[in-house]
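Laboratory data are not the source of any read-out in this text; all were calculated from the coordinates shown. Everything numeric here is computed off the predicted structure, so don't read it as measured data. With ideal geometry, Cβ positions are generated from the backbone for all residues, glycine too; neighbour counts draw on all protein chains shown.
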Amino acid sequence: MKEKHYKKKKKWVRVIFRRRVFVIFLLLVQIMFIIFITLGSDLLSRYLGLAFHLLSLSVCLYIVNKKEKPAYKVTWVFLILAFPIFGGILYIIFHTQFKRMTNLIIQNREESKSFYYLCGDTFSALAEAGYDCLSQIRYLQHYAGFPIYDHTQTVYFDSGERYFARILQELETAERYIFLEFFIMRQGVMLDPIIDILEKKAKAGLDVRIMYDDLGCFLSLPPDYKRRLEEKGIKCIVFNPFTPILSSQQNNRDHRKIIAIDGRAAFTGGVNLADEYINEFERFGHWKDSGIMLHGKAAWSLAMIFLEMWNFELMQINPRLQKDNYTAFYPWKDEPCAVESDGYVQPYADSPIDDENVGEHVYIQIINNAKEYVYINTPYLVVDDNLLSALSLAAKSGIDVRIITPHRWDKKIVAIASRSYYRQLIQAGVKVYEYTNGFNHSKTFVSDDKIATVGTTNLDFRSLYLHFECGVCIYQNSGIVAIKKDFLDTQRISHLITLKDCARNAFQRVVQDILRIFAPLM
């Protein structure tokens, strides 16, 4: 009996001190400490309160004059005025922790840029021919640093189920390496077979790596999952481990979804490695998602995007660790890529650490350059004035602008905030639909039968400005037809929102107005 009691007690202690509980406990301790400091003795409170008020006022003046998104300025100024005691100090804490991270990102990016061009440079020929969408291509290649490729075939998937089935097939063909980078992973029908293949390939001598976001998997994976993978021969990095210390870096998550196989094939899109994405169980009705597979030169770009992030994390862990020799992973050293061209393909990535909002600029250019239509799938619609103005102006100019969002949402607050934008968009002529079968998690843009993008970037502040994201632009590619068809098929089982649907009472208007102020934090 004593032994049984001891084992139960030991198990209870392990549960209590599990990492997640410990993290939450330390966060609570910090909050209590701040309250104690600010609400302590009268004398201490008086002097600290005066100091913090002056600091908050100074920070507000700094924010107003800073080059930053107006929505972020409004949010921070509102928060600081609402909580003048420690609002200013929180802003300083959140905005003085980027220096080392920024330097590492810049250094890593500069060192890797040239390796994207191992496949050659296609842009010059396109420029001479006066190719359509040249401004978009030029921006991504010459400014953002992501080249455009020929000799690439694409396959678009209109559901997580089809996407998953093809992933399993392609993983079995791997001969040299497999790289996975995901925001969410959860053990089950989807993840477990993938891990089995990775374990088998690792035992066969392949270089197998997984990088997953710590916060994204905080509640979905066991705390020792990294160790379990490494015991199977799979190299693993947990991106940006969540720590119970006030830090702005905890806000920057790796929201990318990448699978790279031998540099010859690659996947990306909205699908994470969890069972709800393939409708093995229902969370918010039918889960509608999408993804794209690349075969050929452009797949090398997604392999490079993964390697850049992997080596960035290695540098964060230990700057002395030796980084990868990128050339060693290039698949066409001895012979040219034999894949036939199907239009042109341009993968890209976005980082919150620099001042360049690549994902947002891709979307805005597609909207601004549209001549006939723009069709958009997005799970969230919480946008700043730039995107709101671009969408409204396009519709007012006679462009057929349509957006499909979910009818059943995974985040109620975000749903309320998203719907607060409907009225303004509908009044401008934008057609807004809600996917009635459940949750629409796709992130696609398609325009004029000439250009489309599939990726991980939602139309919300977190994706556009705070997360690491990626996507693929395709030009005059057969995949564009499939993306357009998928949108129109989804629209048929979606409800067209009218101004009557947007009617709100006084209380609802106040709630939505407040949520729009805090939209950059959602």
* HN-Hα J in Hz across the range 150-158 - Karplus 6.51, -1.76, 1.60, θ = phi - 60°, x for Gly and Pro -> 9, 6, 9, 9, 10, 10, 9, 10, 8
* **Qualifying aspartates and glutamates (Cα of each under 19 Å from Cα of K396; at least 8 residues distant if same chain)** => E372, D384, D385, D448
* Structure fact -> The simple spin-label model distance between K333 and A127, using points 7 Å out along Cα→Cβ, in nm, is 3.1 nm
* Too-long pairs where the Cα-Cα distance tops 23 Å, listed order kept, from K226/K323; K288/K431; K201/K226; K257/K333; K412/K443; K257/K297 -> K257/K333
* **aspartates and glutamates whose Cα lies under 18 Å from that of K203, excluding same-chain neighbours fewer than 8 positions away** => E170, E172, E175, D192, E230, E231, D262
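Let me check against my output: what whole-number percent is the relative contact order of the range 369-441, with C-alpha pairs under 8 Å and at least 6 apart?
Across the range 369-441, relative contact order equals 42 percent.
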* Could you work out how far apart the two model spin labels at H142 and K323 are, taking each label as a point 7 Å from the Cα in the direction of the beta carbon, and quote it in nm? => 2.6 nm
* **Cα-derived Rg over Rh, computed across the range 296-376 with Rh taken as Kirkwood radius** => 1.08
* Which of M304, A274, T173 sits farthest toward the positive end of the charge dipole of the range 153-343, with +1 on the Cβ of Lys and Arg and -1 on the Cβ of Asp and Glu? -> M304
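Let's test the formula: R0 of 25 Å, r as the Cβ-Cβ distance of E280 and L388. What FRET efficiency results, to the nearest 0.05?
Working: r = 37 Å, r/R0 = 1.46.
Here the calculated transfer efficiency is 0.10.
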* **Label zone at L219, where the point sits 7 Å out along the Cα-to-Cβ direction: the range 405-438 residues whose backbone N lies under 19 Å** => 408-416
* Asked: Using the Karplus equation 6.51 cos²θ - 1.76 cosθ + 1.60 (θ = phi - 60°), what ³J(HN,Hα) coupling, rounded to whole Hz, does each residue of the range 120-136 give in order, writing x for Gly and Pro?
  -> x, 10, 8, 4, 4, 5, 5, 5, 5, 7, x, 5, 4, 6, 5, 5, 5
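Rank these for me by crowding, S124, S220, going from fewest to most other beta carbons within 10 Å.
Details: S124 9, S220 17.
Neighbour counts put them in this order, fewest first: S124, S220.
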* Asked: Which shape class applies to the range 354-466: rounded if a/c is under 1.5, otherwise prolate when a/b exceeds b/c and oblate if not, where a ≥ b ≥ c are the square roots of the Cα gyration tensor eigenvalues?
  -> rounded
* Structure fact -> Least to most buried among R227, R283, R264, by other C-beta atoms within 10 Å and fewest first, runs R227, R283, R264
* What is the percent of Cα-Cα separations in the range 153-343 that go past 20 Å? -> 56 percent
